[in-house]
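Here's the structure we're looking at; comments come further down.
Throughout, read-outs are computed from the coordinates displayed, never taken from laboratory work. Since this is a predicted model, take the numbers as computed values, not measurements. Here the Cβ positions follow ideal geometry from the backbone for every residue, glycine too, while neighbour counts run over all protein chains shown.
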Amino acid sequence: MPQLDYFPARQRLRASLAFALINLVLVWLIALRYTPYLEVPEDALGITYLILTWAGHFALLTLLAWLPIGMLALVLPRRILWLPAALLASAGLWLLLLDTGVYAQYRFHINNFMVSLFLDDKNGDIFSFSLSTWLVVGGIALALLLAEAWLAARLFASPGVQRLPLWRGVAVLMVAMMASHLIHVIADARYRQSVTQQVGIFPLLFPATAKDFMEEHGWLDPRAARAQRVDLGKQTADTLQWPKNPLSCSSPSDQPNLLFIVLDSWRQDEYGPENTPAMYAALKNEGLRFRNHFSGGNATRNGIMSLFYGLTGNYYQMLQDTQTPPLLITQLQKHGYEMSIFSAASLNSVGFDRSVFASIPKLRPAAPGDTSVDRDRNMTQEWLEWQAERENDKTPWFSLLFYDAPHGYAVPADMKRPFEPSADSMDYLTLGPETDPALIRNLHRNAAYFDDQLIAKVIERLKESGEWENTVLVVTSDHGQSFNDFGRNYWGHNSHFAPPQTQVPMILHGPGISAGEHAGTTSHLDLAPTLMRHVLGCTNPASDYSHGDDLLDPSLDHDWVAASSYLDLAVIEKDRITVIDGAGGWEVVDHQMAPQEKAISPVVFKAIQALKRFYPQ
């Protein structure tokens, strides 16, 4: 046999690596299709990060895809190796090409749910392709396969690849990848938007962060870094059509104040004369209560995001990466509102410093205190002192009071507990199917009762100052809380989308809001358009800037609402919930978490269309 026909395993491995690196050039070219949806940086750091990420991240993905080819190269002769190499390479390139098309339409990368959606879309409601499109698709796939087969056959038959500095090239690419992560660590800590705005677009990119670590070691003052980067002129991400049309807003001359009172992890059934007597007494005959109201998330980040933006959770990462504030907040600022945010827990830990409150230069730190009880008390006192300082100031104001005691199951040691028997503390590690949920639930109720006593002081202050009648008050929660409600061992939140974790109180009070109860299905997504219309006088249809509608419309009754977790998305209908996990898997359950027939309902198709409303088409 001629020497040319014999390749030792080491040489076959090098040939397969050369094959992967040549394909990397094709990967880089195909990935250019993501660029129309990229926030292009204008400074040197952002451009450097883009180049290093482009080179290093896609090199990493290509090398990961090369691993099975490399392993086959160790065991298969070269006369056979070209075939699996060509098949794997053409499949990978085709998958990337397909992903760029899916991302362009839906801002989702390909996953199992998107495949299921395609297979179930028999009427072409979501995906509609002509015969010529299918022929082009098939032609491209065949051309890729033939080109890869030719390339693999040539490379695996050529001894010349042995002289190429392949491993040095891999080392350079991996250095570029690691350098891009290092740049992101620094840029994320220093609120460099030109870098952070890039990370949401590329598939499987999970950039490193270390802001908390740097702060703990005294290497960073995040409040000072943030204050230097707040840009009130930057209103929205360039790659969003949000709002779809310019806002037309003209608030009344007598602008009402706006106060959000939010209790973390507060369930819909924990509002009432027994659990929250102070709020109930103040709002019973003056507030509008929504009986079937859902948060936009089962965790803090997405619940608060839906409340302020009126957008579904699939937009959050882009909004945070680009440090785009809510239109509600920026319009309040344009209308001269004094902004003051009070929280018992850190807003930075969930990214609100670079999203919901990104346009507020002086964002207060979390209230001091060793426990949630201390922090809730101190926060309330800080708010009362702030109100006292501005007693004769007629400037309209917006304020948030974000209480934490229910989230921490925290109750003062000296408080008489109205709900007994009660656990003394909460430890998730001790919970299980045999745990008595009544003890945990009563502890949680006692925590909400404690916060209600603090909120009584807030309401009293508003009434004493004469601002009660001219303040729009929003009382709600970011999400609910589970107490093993259905015997399936679910506790806490961020684990499912059934009512215990997504249905929350919502009560509105203020000028122009009639007292009563609303029985239809409503959502956190409805709040921003309601306030934009009735407080800020915006005449645009809600569909110009929100996925919600007007809460003050008596006929409002959604046939579906959307909710998100940090990774998952759910479409909640009146009798079923379709849950799509972060990896693209999906399931259908009822409102008690019992599995249902795995079929995509017509409402889900409508929801998927709505989710992409503010992405350029």
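Model label points for Lys394 and Leu146, set 7 angstrom from Cα along the Cα-to-Cβ axis, are 8.0 nm apart.
Qualifying GluC sites (Glu not before Pro) in the stretch 508-617, where qualification requires a DSSP coil assignment and no more than 13 other C-beta atoms within 10 Å, comprise Glu597.
Placing unit charges on each Cβ (+1 for Lys and Arg, -1 for Asp and Glu) gives the stretch 242-344 a dipole about its Cα centre, and among Thr312, Tyr271, Leu288 the Cα reaching farthest toward its positive end belongs to Thr312. Taking the Cα centre of the chain as reference, the dipole from Cβ charges on Lys and Arg (+1) and Asp and Glu (-1) amounts to some 2880 debye. Residue pairs exceeding 24 angstrom between C-alpha atoms, taken from Lys394/Lys457; Lys284/Lys574; Lys334/Lys362: Lys284/Lys574.
Among the DSSP helices (H) of the chain, those spanning at least 18 angstrom by Cα along their long axis with an average Kyte-Doolittle hydropathy of 1.6 or more are 44-73, 131-156; this is a geometric and hydropathy rule only. Antiparallel versus total DSSP beta bridges in the chain: what percent is that, nearest 5? Of those bridges, close to 50 percent are antiparallel. Net charge of the neighbourhood of Thr395, taken over other residues with C-beta under 15 Å away and scored Lys/Arg +1, Asp/Glu -1, is -3. Of the residues Trp54, Val27, Gly582, the one whose Cα sits farthest towards the positive end of the charge dipole of the chain is Val27 (charges of +1 on Lys and Arg Cβ, -1 on Asp and Glu Cβ, taken about the Cα centre).
Between Trp28 and Gln11, what length comes free when the chain is fully extended (0.36 nm per residue of separation minus the Cα-Cα distance, one decimal in nm)? Between Trp28 and Gln11, full extension yields an extra 3.5 nm.
Within the stretch 365-436, report the GluC sites (Glu not before Pro) that DSSP leaves as loop and that have at most 12 other Cβ atoms within 10 Å. Those satisfying the criteria are Glu391, Glu434. Is the shape of the stretch 385-532 best called rounded, prolate or oblate, per the rule: a/c under 1.5 gives rounded, else a/b larger than b/c gives prolate, else oblate, with a ≥ b ≥ c the square roots of the Cα gyration tensor eigenvalues? The shape class here is oblate. For the stretch 423-577, a simple Cβ point-charge model (Lys and Arg +1, Asp and Glu -1, everything else neutral) yields a dipole of about 140 debye relative to the Cα centre. What is the Cα centroid distance between the stretch 525-600 and the stretch 10-44, reported in whole angstrom? Rounded to whole Å, the Cα centres lie 38 Å apart.
Using a Förster radius of 60 Å, what is the FRET efficiency between Lys284 and Phe206 based on their Cβ-Cβ separation? Nearest 0.05, please. Approximately 0.80, to the nearest 0.05.
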